[in-house]
1. Out of everything in the stretch 65-76 that is among the basic types (Lys, Arg) and open to solvent by less than 100 Å² (accessible area, probe 1.4 Å), what residue ends up being modelled with the highest pLDDT?
2. Looking only at the stretch 17-32, count how many residues are small (Gly, Ala, Ser) and in a helix (DSSP H, G or I).
3. Taking the stretch 7-32 as the region of interest, how many residues are under 19 Å from ARG71 (Cα atoms), buried (at least 16 other Cβ atoms within 10 Å of the Cβ) and over 10 Å from the mean Cα position of the chain (by Cα)?
4. Kindly provide the set of residues from the stretch 33-64 that are in a helix (DSSP H, G or I), farther than 17 Å from ARG19 by Cα, open to solvent by 30 Å² or more (accessible area, probe 1.4 Å) and not aromatic (Phe, Trp, Tyr), ordered by number.
Amino acid sequence: MPMDVRRLVGANLKDLRKRKGISQEALAFDCDLHRTYISGVERGVRNPTVVVLAKIAKALSVDSSELLRPRGKRSS
């Protein structure tokens, strides 16, 4: 069964953020979002817009498609 897209985005976001060594708070600041919003996205309970995904991707210095890529298929 395919993973829910919100959970997929959340798992990818958390993985990318941790790889960069960035806290939720620092990422939220860079995106002009609240830390609890970032937390909600990571937990798969928030449904971010494409504009928000673009802000997050920019702050992580990745292409926004990396947040939607199926797990195990991310480019390094």
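1. Of all residues in the stretch 65-76, those among the basic types (Lys, Arg) come to 69, 71, 73-74.
Checking which are open to solvent by less than 100 Å² (accessible area, probe 1.4 Å) leaves us with 69, 74.
Values: ARG69: 93, ARG74: 51.
So the residue we want is ARG69.
2. Filtering the stretch 17-32 for residues small (Gly, Ala, Ser) gives 21, 23, 26, 28.
If we keep only those that are in a helix (DSSP H, G or I) too, we end up with 26, 28.
Qualifying residue count for the region: 2.
3. First, pick out the residues of the stretch 7-32 that are under 19 Å from ARG71 (Cα atoms): 7-20.
Filter once more, keeping what is buried (at least 16 other Cβ atoms within 10 Å of the Cβ): 8-14, 16-17.
Those left that are additionally over 10 Å from the mean Cα position of the chain (by Cα): none.
Going through the stretch 7-32 one residue at a time, the tally reaches 0.
4. ARG35, THR36, VAL50, VAL51, ALA54, LYS55
The values are calculated or read from the model by the stated rules, or taken from the named source; none is laboratory data. Please read these numbers as outputs of a predicted model, since none were measured by experiment. Using ideal geometry, Cβ is built from the backbone for each residue, glycine included, and neighbour counts are taken over all protein chains shown. Ligands, DNA and RNA are excluded from the accessible area calculation, which covers all protein heavy atoms including side chains. Shrake-Rupley method; radii C 1.70, N 1.55, O 1.52, S 1.80 Å.
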